[in-house]
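J.: One structure, pasted below without further comment.
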Amino acid sequence: MKIAMIGVGYVGLVSGTCLSDFGHEVICVDKNAERIAKILEGEMPIYEPGLEDLVARNVAAGRLSFTTDLPAAVAGADAIFIAVGTPARRGEGHADLVYVHGAAREIAEALTDYAVIVVKSTVPVGTNAEVTRIISEAAPHASFDVASNPEFLREGAAIDDFMKPDRVVIGVTSDKARDVMAEIYRPLYLREFPVIFTDPASAELIKYAANAFLATKITFINEIAMLCERTGADVKEVSRGIGLDGRIGNKFLHAGPGYGGSCFPKDTSALARIGQDHAVPMRITETVIMVNDIVKRRMIDKIVDLCDGSVNGKKIAVLGATFKPNTDDMRDAPSLTIVPALVGAGANVWVVDPQGEREGASLLPGVTWSDDPYKAAADADAIVLLTEWNEFRALDLQRLAREMREARMADLRNIYSAEETRAAGFEGYVATGRPSIT
């Protein structure tokens, strides 16, 4: 089938490339000419393992192309995916649909034959109906259907998530649209991955409900970690004990410095606003948002306490800046709360991250970037483990302790333990909900 993918951000680029790998003819469209030019030169605008090779392979096979010409891409397409950004509106939490609505108007002007307009962007309930209205008003005689097809891609594992999904959710209102969408995802259906057809409103809400639930699990275990620290319990043991219950499961039960990234913060905020708009307050989600902020700020106190109550004039080596490993995404990362607080308190902060400097250099002013954790640790007063990159999971702790002026570690991802850091020569160690050395 011929597919147009509007928007070459994270979701659009990954989805379009994977659909082309299914054998479809995919044209990816973006207004950012510089971005398109770089992709055509083989330079990806995002870091995602395996993406560069997958793009190159499908471009070479003639199934995948990139352009800034939306009308040309839309002409004759069987399906037109809208995969533009829906950032939270500053100060209010609503999802900003200006790009979705703009794409709908441009598509309406370019439609030539019947097509299914697929809303891939994360959007509030009712957006598919609004897209239908916009296109119908702009092109009264156009033949089209609108379908909802939310994405469930984890950064760092997005290709596997698309190729081997837990489920594909599709909201449609006509048999014709259902047939088109079924054909698009036929390779997954043949491999018996669940493809769920529902109505558009349910599909829209499934996305928000899923992310809010996962954010709730993360925040719950982070709150339990606080209690563990006061009672002497070990949050790793608690997580294991409850995670073995099949009704709960062990995923997203790892205590840390709070959730961040491109989805959970904005989607929880948007769901809270949707509930308020419909007079059904999302009290649990609202509390999750509040507690997550408390968790991030609490990490600052941990670091300061580890440094005898002040970081002023002290060198702090921060390992990890992105919100999770295997991505260069800095959006709402805990580092954006923690690092500026340390700098503001007078610390000399060095940051090591395999992929974070490109975005982080402008977001974290006043820090020194390094690609070597041992160099960053030289003469440092404390190390802060903030993102669990594989490179930080097997550090030479004895070497780190020797390099440091004061061998102290704030292990905010619970990678190590008090026992092994003590054996390596560390004088101070604090974790999240686990035993410490003070």
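J.: State whether one or more residues within region 207-230 are β-branched (Val, Ile, Thr) and over 25 Å from the mean Cα position of the chain (by Cα). First the steps, then the outcome.
T.: Initial filter on region 207-230 (β-branched (Val, Ile, Thr)): 216, 218-219, 221, 224.
Filter again for over 25 Å from the mean Cα position of the chain (by Cα), leaving none.
Looking through region 207-230, none of the residues is β-branched (Val, Ile, Thr) and over 25 Å from the mean Cα position of the chain (by Cα).
J.: One residue is enough: does region 401-416 have a residue meeting the conditions outside any loop (DSSP other than H, G, I, E, B) and surrounded by fewer than 16 Cβ atoms within 10 Å (Cβ to Cβ)? Explain how you work it out, then say what you get.
T.: The initial filter retains those residues of region 401-416 that are outside any loop (DSSP other than H, G, I, E, B), namely 401-403, 408-411.
Checking which are surrounded by fewer than 16 Cβ atoms within 10 Å (Cβ to Cβ) leaves us with 402.
So far as region 401-416 goes, yes, one or more of its residues are outside any loop (DSSP other than H, G, I, E, B) and surrounded by fewer than 16 Cβ atoms within 10 Å (Cβ to Cβ).
J.: A follow-up question, please. How do the pairs read when you match residues in region 170-184 that are more than 14 Å from Met1 (Cβ to Cβ) with residues anywhere that are in a helix (DSSP H, G or I) and of a type in the set (Asp, Glu), using Cβ under 9 Å and keeping only pairs 6 or more apart or on different chains?
T.: The qualifying pairs are Gly171/Glu204.
J.: Continuing with the same structure: For Arg191, work out the one condition from (1) farther than 30 Å from Ala147 by Cβ; (2) out of contact with any Ser or Thr (no Cβ under 7 Å at 6 or more places or on another chain) it doesn't fulfil.
T.: (1)
J.: May I pose another question? Among the residues of region 251-273 satisfying the criterion of being aromatic (Phe, Trp, Tyr) and not in a helix (DSSP H, G or I), which is nearest to Asp293 (Cα to Cα)?
T.: In the first step, residues of region 251-273 are kept if they are aromatic (Phe, Trp, Tyr); the result is 252, 259, 264.
Next cut, not in a helix (DSSP H, G or I) only: 252, 259.
Values: Phe252: 17, Tyr259: 9 Å.
If we take residues in region 251-273 being aromatic (Phe, Trp, Tyr) and not in a helix (DSSP H, G or I), then Tyr259 is nearest to Asp293 (Cα to Cα).
J.: I've got another one for you. Checking the conditions here, which among Ala333, Ala382 is small (Gly, Ala, Ser), in contact (Cβ under 8 Å) with a residue 60 or more places away in the chain and within 16 Å of Gly256 (Cβ to Cβ)?
T.: Numbers: Ala382 fails: within 16 Å of Gly256 (Cβ to Cβ).
Ala333 is the lone residue from the list that is small (Gly, Ala, Ser), in contact (Cβ under 8 Å) with a residue 60 or more places away in the chain and within 16 Å of Gly256 (Cβ to Cβ).
J.: Further, regarding this structure: Could you check region 336-361 and list, in sequence order, the residues that are within 17 Å of Ser262 (Cβ to Cβ) and surrounded by fewer than 23 Cβ atoms within 10 Å (Cβ to Cβ)?
T.: The answer is Leu336, Thr337, Gln355, Arg358, Glu359, Gly360.
J.: When the residues of region 7-38 are narrowed to those that are small (Gly, Ala, Ser) and assigned to a loop (DSSP other than H, G, I, E, B), which ends up nearest to Arg331 (Cα to Cα)?
T.: Initially, region 7-38 is screened for residues small (Gly, Ala, Ser), giving 7, 9, 12, 15-16, 20, 23, 33, 37.
Add one more test, that the residue is assigned to a loop (DSSP other than H, G, I, E, B), and what stays is 7, 9, 23.
Values: Gly7: 19, Gly9: 14, Gly23: 33 Å.
Ranking the candidates gives Gly9 first.
J.: Hey, could you check region 113-147 for residues that are of a type in the set (S, T, N, Q) and under 30 Å from the mean Cα position of the chain (by Cα) and say which is nearest to Gly93 (Cα to Cα)? Even if it seems obvious, please write down each step before you answer.
T.: First pass over region 113-147, keeping only residues of a type in the set (S, T, N, Q): 121-122, 127-128, 132, 136, 143.
Filter again for under 30 Å from the mean Cα position of the chain (by Cα), leaving 121-122, 127-128, 132.
Details: Ser121: 16, Thr122: 14, Thr127: 16, Asn128: 20, Thr132: 24 Å.
Across region 113-147, the extreme among qualifying residues is Thr122.
J.: Any chance region 130-137 includes a residue that's in contact with a helix residue (DSSP H, G or I) (Cβ under 8 Å, 6 or more places away or on another chain) and surrounded by 23 or more Cβ atoms within 10 Å (Cβ to Cβ)?
T.: Checked region 130-137: at least one residue is in contact with a helix residue (DSSP H, G or I) (Cβ under 8 Å, 6 or more places away or on another chain) and surrounded by 23 or more Cβ atoms within 10 Å (Cβ to Cβ).
J.: Do any helices (runs of 4 or more DSSP H) lying entirely in region 169-250 carry at least 2 residues that are aliphatic (A, V, I, L, M) and touching a strand residue (DSSP E or B) at 6+ places or on another chain (Cβ under 6 Å), and which ones are they?
T.: In region 169-250, the matching helices (runs of 4 or more DSSP H) lie at 175-184, 200-231.
J.: Identify, from the list Ile184, Ile206, the residue that is over 21 Å from Gly85 (Cα atoms), crowded, with 17+ Cβ neighbours inside 10 Å and β-branched (Val, Ile, Thr). Please lay out each step first, then the result.
T.: Details: Ile206 fails: over 21 Å from Gly85 (Cα atoms).
Step by step, each of Ile184, Ile206 is checked, and only Ile184 is over 21 Å from Gly85 (Cα atoms), crowded, with 17+ Cβ neighbours inside 10 Å and β-branched (Val, Ile, Thr).
J.: Within region 47-64, which residues are closer than 19 Å to Ile6 by Cα and surrounded by fewer than 17 Cβ atoms within 10 Å (Cβ to Cβ)?
T.: Once the filter is applied, which keeps residues that are closer than 19 Å to Ile6 by Cα and surrounded by fewer than 17 Cβ atoms within 10 Å (Cβ to Cβ), region 47-64 yields only Gly62.
J.: Here's a follow-up. Read through the list (1) under 25 Å from Met330 (Cα atoms); (2) modelled with pLDDT under 95, then give the number of the only condition that Leu54 fails.
T.: For Leu54, the exception is condition (2).
J.: Restrict the check to region 83-95 and report whether at least one residue is more than 28 Å from Cys263 (Cα to Cα) and buried (at least 17 other Cβ atoms within 10 Å of the Cβ).
T.: no
J.: Further question on the same structure: Could you tell me which numbered condition Pro325 fails, if it satisfies all but one of (1) farther than 28 Å from Arg90 by Cβ; (2) in a helix (DSSP H, G or I); (3) in contact with an Asp or Glu (Cβ under 6 Å, 6 or more places away or on another chain)?
T.: (2)
J.: Helices (runs of 4 or more DSSP H) wholly in region 39-130 with at least 3 residues that are in contact (Cβ under 8 Å) with a residue 24 or more places away in the chain and under 29 Å from Ala270 (Cα atoms) - which ones? Outline the logic, then answer.
T.: On the way: elements: 51-60, 70-74, 98-110.
Counting at least 3 such residues, we get 98-110.
J.: Now, a different point. Being hydroxyl-bearing (Ser, Thr, Tyr), within 11 Å of Ala203 (Cβ to Cβ) and out of contact with any Lys or Arg (no Cβ under 9 Å at 6 or more places or on another chain) is the filter here, so list the residues in region 125-172 that pass it.
T.: Once the filter is applied, which keeps residues that are hydroxyl-bearing (Ser, Thr, Tyr), within 11 Å of Ala203 (Cβ to Cβ) and out of contact with any Lys or Arg (no Cβ under 9 Å at 6 or more places or on another chain), region 125-172 yields only Thr127.
J.: Right, another one. If I ask for residues that are over 17 Å from Ala377 (Cα atoms) and of a type outside the set (S, T, N, Q), which ones from region 404-414 would you list? First the steps, then the outcome.
T.: Here is the first cut: in region 404-414, the ones over 17 Å from Ala377 (Cα atoms) are 413-414.
Across region 404-414, the qualifying residue is only Arg413.
J.: Only one of (1) surrounded by fewer than 20 Cβ atoms within 10 Å (Cβ to Cβ); (2) acidic (Asp, Glu); (3) on the phi < 0 side of the Ramachandran plot; (4) more than 18 Å from the chain's Cα centre (by Cα) is not met by Glu192, so which one is it?
T.: Every condition holds for Glu192 apart from (3).
The values are calculated or read from the model by the stated rules, or taken from the named source; none is laboratory data. Here the structure is a predicted model, which means the values were calculated and not measured. Positions of Cβ are generated from backbone atoms using ideal geometry, with glycine treated the same way; all protein chains shown enter the neighbour counts.
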